[in-house]
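See below for the structure under consideration.
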Amino acid sequence: MPFTIVWRGRHAAGYEDIDVTQTLMLFGHNVAETGTVLFERIMARKQKTGKPYIIVVDPRRTWTAQAADLHLQILPGTNLALLNGITHLLLKHGWIDRDFIANHTVGFADVEQAVRDWTLERTAKETDVPETQIAEAARRLGTTPSLVCTTLQGAYQSVDATATCIAINNIHLLRGLIGKPGCGPLHMAGQPSSSTNRTVGGVGSYPAHRNPSNPKHLQEMAELWNVDAARLEIGAEKDIEYFVDKMERGQLGLFWNIHTNPMVSLPNRLRARRAFERTFVVVQDCFLTETCEVADLVLPTAMWGEKEGLMENADRMINVCEVAVNPPPGVRSDFDIFIDYARRMDFRDKDGNPLIQYTTPRECFEEWKRVSKGRPCDMTAMTYEKIKEQNGMQWPANEAHPNGTPRLYQDLVFHTQVDDAQTYGFHMKTGRARTRKEFEALGANGRAILYGLTYDPPAEQPSAKYPFWLTTGRVVWHWHTRTKTGRAPALHMATSQGYVEIHPDDATLLGILPGELVRISSPRGNITVPARIVDTIRPGLVFVPFHFGSWQEHQAANELTVDLVDPISKQPVYKQSACRIEKVRQHHTVAHGETFGRIAERYQLTPEQLAKANRMTPPYRPDVGSHLEIPSMANPVSPPYMLYRKLDLFPHFRLANLDPKEGE
């Protein structure tokens, strides 16, 4: 079946399920660097009990992968190929719960058809993962009594992103491992703004997981807001690349950017900057960021700890934030800015009353509770006091669950009734929205939907001109675009600049030294960063952290990334682009009387570095008039994060076989 529905019950499991599960699969989720507290929690249990059995899927041998029992080091862009192959083995060996499938799902025949040809041999060939490892992963996933699977940007920012997450959901449904302790998919969101926005409709949809194509849901919102339903926009939400395109065409007059830094985080960012410069840009932030450089108006805001409100975290946990210190004079909270904006715009309901009638965050939450009532994220049983007393509450929290809900679907009733679903789904390849009639034809009506999924390789792949894969990601010392972490001296000193990770085989082939500045180019731009020679990355693949995007320095990974998006989620495909690597070297002509050692000293190199750069062997005696290549060295050092915050003084990747004290 070529259609899918986006599973918005992304937080079906919770952290406490990770605490008791027998098997944990971390799929494109480098939790050791992106969720250090959770990683410590996982490893503390692992060290004490030996559980859970950890499977990591990642093309890099990250710190997370090094802690795993089984690391599947796949080729870039083959997430869905791997999952189709694993699903094939689950069906082949009968590692499925047929009673659960019959009673609680629809679409099983589509899965059977889609994975029929994904044999172990084909999967291994497509992913470059050994057959024995794929077979072991399938056996573990097929026989474990409990399973939690997490995903993060390695899944979301890849080709077939939505399909990959659905394939993981399929595995849980085929095994019946959902809705009970230690079981369920946990499609992670990285921060409170991400989780909260999805729940309240801040990403372009309607609040409380309402379907913008369902007239019943639009009427509900019209009644809640006391507005005319005909004035509410219908259809799927718009994505950032849609708006970049509108800016390029001169069809967007105002872009209001709130607490994000797209001039570092957007793919193909030079194109994005040109687009932003064609419209009026408002930036609302606590800090001056790279995006402020293209802004027409900057609104300073209060920070966390200076304002009141609620936030949602990765496993549906709601917490209260209160004012610890007052913001600087003249600086207001986001809430107050929005209230003032609504007043100045004179927004009114259909009776002529102010559209926004609350004036405090607590009053706003009371309205939100009414909006959420009866929806999957129902919070009607929550109060400020109750949330604080329980140290957080997980939605839904209603009459049936007055103290919140640790995991979803415990009653095995899924949100697939036609007037309950957040979306009717989309065509997997084109992104076309499914009609209500097409959705009804599935006949789900409270049962979960299984999908047959077709794998397609990435649209952009290495070529003769750009022979390497490029992937991007985070490092433990920085958060996103370093808006705050770049201002923390200890964190900045730990990793103060961008770099590129290159496998030793590729470095040898190209003649690149550890710490040497190299130019990374893609069809969209180029950057110059020092090289780290590491064996934790696959040959043919290079990794660049995306945190560094200063306009004054030339290290922004997103000057290279392709601006293609997943057709369903609209998430950019940051993890698979094509690039080439070139040395950036000066040249020196040997003069009469110059010694090799003096030449090396002049350019702040060791004789060994200079000799290696020129592929020389002892004795180092260049002839007068000969030309030497002079590399520029940076030697970036970043101490690894260790469990329980112990620091190793030296980098775990060891840039070269040199004395660690050299250069001190």
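The values are calculated or read from the model by the stated rules, or taken from the named source; none is laboratory data. No experiment lies behind these values; they were computed from the predicted model shown. Here the Cβ positions follow ideal geometry from the backbone for every residue, glycine too, while neighbour counts run over all protein chains shown. Areas reflect the complete protein model, heavy atoms only, side chains present, ligands, DNA and RNA absent. Shrake-Rupley method; radii C 1.70, N 1.55, O 1.52, S 1.80 Å.
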Verdict on Cys149 being under 24 Å from Asp239 (Cα atoms) and outside any loop (DSSP other than H, G, I, E, B): no
With respect to Leu254, is the statement that it is surrounded by 14 or more Cβ atoms within 10 Å (Cβ to Cβ) and either closer than 30 Å to Arg332 by Cα or β-branched (Val, Ile, Thr) (or both) true? no
I'm checking my understanding of the structure. Among residues of segment 283-309 that are over 30 Å from Met247 (Cβ atoms) and in contact with a helix residue (DSSP H, G or I) (Cβ under 6 Å, 6 or more places away or on another chain), which one is most open to solvent (accessible area, probe 1.4 Å)? Glu308
Scan segment 501-511 and tell me whether some residue there is out of contact with any Phe, Trp or Tyr (no Cβ under 6 Å at 6 or more places or on another chain) and of a type in the set (Gly, Ala, Ser). yes
Only one of (1) of a type outside the set (Asp, Glu); (2) more than 16 Å from Met311 (Cα to Cα); (3) over 31 Å from the mean Cα position of the chain (by Cα) does not apply to Lys386, and that is (2)
Which of the residues belonging to segment 517-528 are in contact with a helix residue (DSSP H, G or I) (Cβ under 9 Å, 6 or more places away or on another chain) and either within 21 Å of Leu610 (Cβ to Cβ) or of a type outside the set (D, E, K, R) (or both)? Val518, Ile520, Ser522, Gly525, Asn526, Ile527
Residue count for segment 218-228, restricted to those that are touching a residue at least 12 places away in the same chain (Cβ under 8 Å) and either in a helix (DSSP H, G or I) or surrounded by fewer than 16 Cβ atoms within 10 Å (Cβ to Cβ) (or both): 6
Which residue pairs have Cβ atoms closer than 8 Å, lie 6 or more positions apart in sequence or on different chains, and pair a first residue in segment 266-289 that is in contact (Cβ under 8 Å) with a residue 24 or more places away in the chain and outside any loop (DSSP other than H, G, I, E, B) with a second residue that is open to solvent by 10 Å² or more (accessible area, probe 1.4 Å) and among the basic types (Lys, Arg)? Leu270/Arg524; Arg271/Arg524
Residue pairs, Cβ under 6 Å, 6 or more apart or interchain, first in segment 93-109 and at positive phi and in contact (Cβ under 8 Å) with a residue 24 or more places away in the chain, second aliphatic (A, V, I, L, M) and part of a strand (DSSP E or B). List them. Gly107/Ile449
Which count do you get for residues in segment 101-136 that are part of a loop (DSSP other than H, G, I, E, B) and either under 18 Å from Gly452 (Cα atoms) or open to solvent by 80 Å² or more (accessible area, probe 1.4 Å) (or both)? 6
Being in contact with a helix residue (DSSP H, G or I) (Cβ under 7 Å, 6 or more places away or on another chain), assigned to a loop (DSSP other than H, G, I, E, B) and not small (Gly, Ala, Ser) is the filter here, so list the residues in segment 558-569 that pass it. Asp563, Asp566, Ile568
Scanning segment 548-589 for residues that are of a type in the set (Gly, Ala, Ser) and open to solvent by less than 40 Å² (accessible area, probe 1.4 Å) gives Gly549, Ser550, Ala556, Ala557, Ser577, Ala578
Consider Glu601 carefully, then state whether it is among the charged types (D, E, K, R), open to solvent by less than 30 Å² (accessible area, probe 1.4 Å) and modelled with pLDDT of 90 or more. no
Here are some conditions: (1) within 27 Å of Gly452 (Cα to Cα); (2) buried (at least 20 other Cβ atoms within 10 Å of the Cβ). Leu70 meets all but one. Which one does it not meet? (2)
Would you point out the residue of segment 70-121, among those that are polar (S, T, N, Q) and more than 30 Å from the chain's Cα centre (by Cα), that is nearest to Trp469 (Cα to Cα)? Gln113
Total residues in segment 46-65, condition open to solvent by 30 Å² or more (accessible area, probe 1.4 Å), polar (S, T, N, Q) and in contact (Cβ under 8 Å) with a residue 12 or more places away in the chain: 0
Has segment 2-15 got at least one residue that is modelled with pLDDT of 95 or more and in contact with a Lys or Arg (Cβ under 8 Å, 6 or more places away or on another chain)? no
